[in-house]
Amino acid sequence: MDLTLFDPTIPARPESIDFAPRPKRLNNLKLVLVENTKYNSKTILLKLFERLESRFQMQLTQVIRKASAGHPIAATDIDGCVGIADIAIAGIGD
Amino acid sequence: MQDNHLLVRFRDTVVYMVQEKATCEQREIERENIMENNRTPQDAAELIEAYYQKGWTDGFPIVPPSEQSVSAMLAAAGLQPDQVVADIPTRNIVITADRVALNGVMAGCLPEYMPVVVSAVKGMCHPEFSYHGMATSTGGAALAIIVNGPIADRLGINSGENLFGPGCRANMTIGRALRLLMMNSLNTRPGGLDRSTIGNPAKISFCFAENEKQSPWQPLHVERGFGREDSTTTVFACEDIIQVYNQLAQSPEPFLEGMADAMANMGSMNIVSQQDVVVVLAGEHVRVMVKAGWDKQMVKQHLFDHARRSVAELKRVKRIPGELQPGDEASWRHAVQQPDDIHVLCGGGAVGTFSACLLSWGGSRSATSMVTTKI
């Protein structure tokens, strides 16, 4: 009998991501929220914005709604953030 | 506080977190780790144990693959080992034929099952199925594989008694091959990228064929645009399997109203997401429909009309948000958006008064879609 162990795993392809530079200050930033269709997630995002607005005078410029929690954000939605967002906050989970 | 509990402070909010760990890992029995000791397994039992120690099983013993058994699987589907079968962009993973074959052998598949497995893998990786959500969710979605066409008979895929139960090698091993691939090759392991809160035994394996011989109606794959002589798999993210019992109904309406009640149960994801539902009618219930002269469209329409809850009911049990409003008592939310979202098919034993509905996983309508793929 062949007593070799066969590896059924598949390594994920490595991917490099270019991160946007982090803002130096939070004051007066333009904010985009990315909500994932979950009610509680959206509630927390909006509550978070309330605090950021009152403490740092952030402006909410757009709320993007993903197709579902399991979908990545659409590329067109990311493109649409150019010029209107300094930072984005995404909701995850329920 | 226990070791696995954490308190995390975020500004003025303290979040209490539990670091999850499957209980079975904590209680694993001490035994020699063959692989860590760099020892070659001495016999089949040790080889099977080595797969356990690598974490490459679903909890049941696997069939150890060999060069020959993997080659036979590939040959049966006419595939080369490095041929790309599908990819999952959200996982950055490309699935090659050799990995499908390996997991198929490990699941206990015969080589002849490989084309069915490959077809289901393609369906599972189709963008409309949206793998990541159903696989990772705290919900407990099983990957249901429905086989149609001549291949079901040829391979002996069960469409009759014990349709969802044990006993048929093809059903058990084809479904298991997909789950092993999900776990081993797509990292969909409990505690890792599979975060089901309670899970679902059908996650281990869930494959069946439509009983086309018993059906007086068009089979599922023909309704979905394929020819009757085509063989297909249809993959469906199945959150719940509910058996519906009625031995007294001699006409369609009373039986279907029981089925509609199961479809619209207030704890289901469906009543909020309005995803597709699969209804499997077994022999005696099919005969009630036929005797009354009902076609599939009439069944769907009746189910649609009755599978609903008032907005008021759903607000009272906090399945949808908001305060009660005037008109909520007379405003209805159906389990699906339209009658054609109900997929009626025949299956199960000819004797007995049990049928079933398979409700979908998904928090929203767009979370996932059924995908049918030609074999």
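The values are calculated or read from the model by the stated rules, or taken from the named source; none is laboratory data. Values in this document were obtained by computation on a predicted structure and should not be read as measured data. Note: ideal-geometry Cβ built from the backbone for every residue, glycine included; neighbour counts use all protein chains shown. Only protein heavy atoms, including side chains, enter the accessible area calculation; ligands, DNA and RNA are left aside. Shrake-Rupley method; radii C 1.70, N 1.55, O 1.52, S 1.80 Å.
Output yes when any residue across segment B:175-191 is farther than 26 Å from B:GLY55 by Cα and either assigned by TED's automatic domain parsing to the domain that holds B:ASP98 or touching a Ser or Thr at 6+ places or on another chain (Cβ under 8 Å) (or both), and no when none is.
No, segment B:175-191 contains no residue that is farther than 26 Å from B:GLY55 by Cα and either assigned by TED's automatic domain parsing to the domain that holds B:ASP98 or touching a Ser or Thr at 6+ places or on another chain (Cβ under 8 Å) (or both).
Which one of the conditions (1) among the β-branched types (Val, Ile, Thr); (2) surrounded by fewer than 19 Cβ atoms within 10 Å (Cβ to Cβ); (3) not in a loop (DSSP other than H, G, I, E, B) does B:THR138 fail to meet, given that it meets all the rest?
Single failed check for B:THR138: (3).
How many residues, within segment B:227-257, are open to solvent by 50 Å² or more (accessible area, probe 1.4 Å) and in contact (Cβ under 8 Å) with a residue 60 or more places away in the chain?
6
Output the residue which, of all residues in segment A:81-94 that are over 23 Å from A:ARG25 (Cβ atoms) and open to solvent by 40 Å² or more (accessible area, probe 1.4 Å), is farthest from the other protein chains (Cβ to nearest Cβ).
The residue in question is A:ILE92.
Could you say whether any residue in segment B:346-354 is assigned to a loop (DSSP other than H, G, I, E, B) and over 22 Å from B:MET259 (Cα atoms)?
Within segment B:346-354, not a single residue is assigned to a loop (DSSP other than H, G, I, E, B) and over 22 Å from B:MET259 (Cα atoms).
When you check B:GLY165 against the structure, is it surrounded by fewer than 20 Cβ atoms within 10 Å (Cβ to Cβ) and either on the phi < 0 side of the Ramachandran plot or touching a Leu at 6+ places or on another chain (Cβ under 7 Å) (or both), yes or no?
The answer is yes for B:GLY165.
Can B:MET289 be described as more than 14 Å from chain A (Cβ to nearest Cβ), open to solvent by less than 50 Å² (accessible area, probe 1.4 Å), outside any loop (DSSP other than H, G, I, E, B) and closer than 26 Å to B:SER364 by Cα?
When the stated conditions are applied, B:MET289 does not pass them.
From the set of residues in segment A:1-15 that are within 17 Å of B:ILE93 (Cβ to Cβ) and more than 7 Å from chain B (Cβ to nearest Cβ), which is modelled with the highest pLDDT?
Checking each candidate, the answer is A:ASP7.
Looking only at residues in segment B:201-215 that are modelled with pLDDT of 95 or more and open to solvent by 60 Å² or more (accessible area, probe 1.4 Å), which one is nearest to B:ALA107 (Cα to Cα)?
Per the criteria, the residue is B:ILE204.
Given the options B:VAL118, B:VAL100, B:VAL94, name the one that is open to solvent by 40 Å² or more (accessible area, probe 1.4 Å) and assigned by TED's automatic domain parsing to the domain that holds B:GLN275.
B:VAL94
Would you check which residues across segment B:351-365 are surrounded by fewer than 21 Cβ atoms within 10 Å (Cβ to Cβ) and within 14 Å of chain A (Cβ to nearest Cβ) and list them?
If the condition is that a residue be surrounded by fewer than 21 Cβ atoms within 10 Å (Cβ to Cβ) and within 14 Å of chain A (Cβ to nearest Cβ), then B:ARG365 is the only one that fits.
Looking at (1) open to solvent by less than 20 Å² (accessible area, probe 1.4 Å); (2) at pLDDT 95 or above, find the lone condition where B:THR368 falls short.
All conditions are met except number (2).
Within the bounds of segment B:242-254, is there any residue that is in the same structural domain as B:GLY349 (by TED's automatic domain parsing), at pLDDT 95 or above, within 22 Å of B:ARG365 (Cα to Cα) and of a type in the set (S, T, N, Q)?
Within segment B:242-254 (the criterion being in the same structural domain as B:GLY349 (by TED's automatic domain parsing), at pLDDT 95 or above, within 22 Å of B:ARG365 (Cα to Cα) and of a type in the set (S, T, N, Q)), the answer is no, since none of the residues qualifies.
Could you list, in sequence order, all residues of segment B:308-350 that are within 14 Å of chain A (Cβ to nearest Cβ) and open to solvent by less than 10 Å² (accessible area, probe 1.4 Å)?
B:LEU314
Please specify each residue of segment B:118-170 satisfying the condition of being within 14 Å of chain A (Cβ to nearest Cβ), under 14 Å from the mean Cα position of the chain (by Cα) and β-branched (Val, Ile, Thr).
Within segment B:118-170, B:VAL121, B:THR136 qualify.
Go through segment B:38-56 and count every residue that is open to solvent by less than 30 Å² (accessible area, probe 1.4 Å) and in contact (Cβ under 8 Å) with a residue 60 or more places away in the chain.
Total satisfying the criteria: 1.
State all residues of segment B:57-70 that are within 12 Å of another protein chain (Cβ to nearest Cβ) and surrounded by 15 or more Cβ atoms within 10 Å (Cβ to Cβ); if no residue qualifies, say none.
B:THR57, B:ASP58, B:ILE62, B:VAL63, B:PRO64, B:PRO65, B:SER66, B:SER69, B:VAL70
How about segment B:185-200: which of its residues are open to solvent by 10 Å² or more (accessible area, probe 1.4 Å) and either assigned to a loop (DSSP other than H, G, I, E, B) or without any contact (Cβ under 8 Å) to a residue 12 or more places away in the chain (or both)?
Across segment B:185-200, the qualifying residues are B:ASN187, B:ARG189, B:GLY191, B:GLY192, B:LEU193, B:ARG195, B:SER196, B:THR197, B:ILE198, B:GLY199, B:ASN200.
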